[in-house]
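J.: Dropping a structure here in structure tokens format, bear with me for questions.
Computed from the coordinates by the stated procedures, all read-outs in this text should not be read as laboratory data. Quick caveat, the model's predicted, so the values are computed rather than measured. Every residue, glycine among them, receives a Cβ derived from its backbone with ideal geometry; neighbour counts consider all protein chains shown.
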Amino acid sequence: MWERIIQAIFPDRCLGCHAFGALLCPTCVATCPAYHGAMPHLGVTAMHVQFVYAGAIRQAILLLKYAGKRRIAPLLAQYMPAIFPHQRVCYVAIPAAPARVAHRGYDQAVLLAQALAVRHGGWVSHQLVRVRNTPTQAKLTRVARHANVRGAFAWQGHAVGDPVVLVDDVCTTGATLHEATAVLRDAGMTRIAVQVVARGLVDC
């Protein structure tokens, strides 16, 4: 209720053109560069990255992660296609560190996974958990990123029989996704895809 009142008094403005009405208008999204570069070598069935991590998309992800703009998650999800069309799919978010979730009040990757599940008719599993807090990856080298997330995740409970789509907001070197997909395979999942909103312009 309070969010609707705030929106009525202070309506959203597009991050790209600053027009009133939405945080991301379709016209500006259409001008955001799609990602067509190389993908990390994860050994998965499929991987899809929608955008380059720049411009209005970068601003939107930063607001989602750090400014409490939860409603950006479904806005981004509407531009992300179904990887396993016409199939029941389990969406699994890359879990953030518990301290970060406690500080923000939510996990942005979980919000994205939930939005994708609603949009494409799937469901969300929370069985992938972070068992070790790790420093942020942002300022680490490629080698240090892989070492930083090694052993950071675990799968709790039985394997999922449906195709699994691992979801995250941003991919850089792919170190986090590599570690998480390895955990899913060790837990018994065989049909694994990865779906990410955006990727930074770095080599795989």
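J.: Tabulate in residue order the Karplus-calculated ³J(HN,Hα) for region 87-103, using 6.51 cos²θ - 1.76 cosθ + 1.60 with θ = phi - 60°, rounded to whole Hz; enter x for Gly and Pro.
T.: After applying 6.51 cos²θ - 1.76 cosθ + 1.60, I find 10, 6, 10, 9, 9, 10, 8, 5, x, 6, 4, x, 5, 5, 5, 5, 5 Hz.
J.: Continuing with this model, one more query. Taking amide hydrogens as modeled 1.01 Å from N in the peptide plane, which residues meet the under 5 Å criterion relative to Phe153, leaving out close sequence neighbours?
T.: Amide H neighbours of Phe153: Val131.
J.: Summing -39500 (n - 2.57) over the DSSP H runs of n ≥ 4 in the chain and dividing by its residue number, what mean residue ellipticity at 222 nm do you reach, to the nearest 500 deg cm²/dmol? Working shown, then result.
T.: On the way: 8 runs with 72 residues, N = 204.
The helix-only estimate for the chain comes to -10000 deg cm²/dmol at 222 nm.
J.: I would also like to ask the following. Note down the nm distance, to one decimal, between modelled labels 7 Å out along Cα→Cβ at Ala34 and at Asp162.
T.: 2.7 nm
J.: Starting from the amide H of Tyr53, placed 1.01 Å from N in the peptide plane, find each other amide H under 5 Å away whose residue is 5 or more places distant or on another chain.
T.: Arg199, Gly200, Leu201
J.: For region 19-30, just list the computed ³J(HN,Hα) in residue order, Karplus coefficients 6.51, -1.76 and 1.60, θ = phi - 60°, integers in Hz, with x standing in for Gly and Pro.
T.: 6, 6, x, 7, 5, 9, 8, x, 5, 6, 4, 5
J.: Another question about this same structure. Where does each of Thr27, Thr181 land when they are ranked from fewest to most other beta-carbon atoms within 10 angstrom? Provide the component values of the computation, followed by the final result.
T.: Working: Thr27 11, Thr181 23.
Listed from fewest to most nearby Cβ atoms, that is Thr27, Thr181.
J.: Any idea which of Thr181, Val124, Ala67 is furthest toward the positive side of the dipole for the chain, if Lys and Arg beta-carbons carry +1 and Asp and Glu beta-carbons -1?
T.: Value: Ala67.
J.: Roughly how many nanometres apart are two label points built 7 Å out from the Cα toward the Cβ at Tyr79 and Ala182?
T.: It works out to 3.2 nm between the two label points.
J.: Quick one: if the Förster radius is 45 Å, what FRET efficiency do His86 and Ala154 give, using the C-beta to C-beta distance and rounding to 0.05?
T.: Values: r = 31 Å, r/R0 = 0.70.
After rounding, the FRET efficiency stands at 0.90.
J.: For Val124, enumerate residues with amide H under 5 Å from its amide H, sequence gap 5+ or separate chain, H modeled in the peptide plane.
T.: Answer set, sorted by chain and number: Tyr91.
J.: Let me ask you something else. Would you calculate the separation in nanometres between label points at Arg13 and Gln127, each defined as 7 Å from the Cα along the Cα-to-beta-carbon direction?
T.: So the label points at Arg13 and Gln127 sit 4.7 nm apart.
J.: Whole-Hz Karplus ³J(HN,Hα) for region 42-51, in order, using 6.51 cos²θ - 1.76 cosθ + 1.60 and θ = phi - 60°, x for Gly and Pro?
T.: So the J values, rounded to whole Hz, are 10, x, 9, 5, 7, 9, 10, 10, 7, 10.
J.: Which of the peptides 165-172, 149-156 is most tightly packed, and how do the rest follow, judged by the mean count of other Cβ atoms within 10 Å per residue? Walk me through the numbers on the way to the answer.
T.: Numbers: 165-172: 24.1, 149-156: 16.8.
Highest mean packing first, the order is 165-172, 149-156.
J.: Also, quick follow-up: Place a +1 charge on the Cβ of each Lys and Arg in the chain and a -1 charge on the Cβ of each Asp and Glu, then give the dipole magnitude about the Cα centre in debye, rounded to the nearest 20.
T.: Numbers: 20 positive and 9 negative charges, 69 e Å.
That gives a dipole near 320 debye.
J.: Let me ask something else about it. Pop the C-beta distance of Phe20 and His103 into the FRET formula with R0 = 25 Å and round what comes out to the nearest 0.05. Walk me through the numbers on the way to the answer.
T.: Details: r = 30 Å, r/R0 = 1.22.
Efficiency, from the Cβ-Cβ distance: 0.25.
J.: Calculate log10 I(q)/I(0) of the chain for q = 0.19 Å⁻¹, where I(q) comes from the Debye formula with a single equal point scatterer on each Cα and nothing for solvent.
T.: Debye intensities relative to I(0), on a log10 scale: -1.49.
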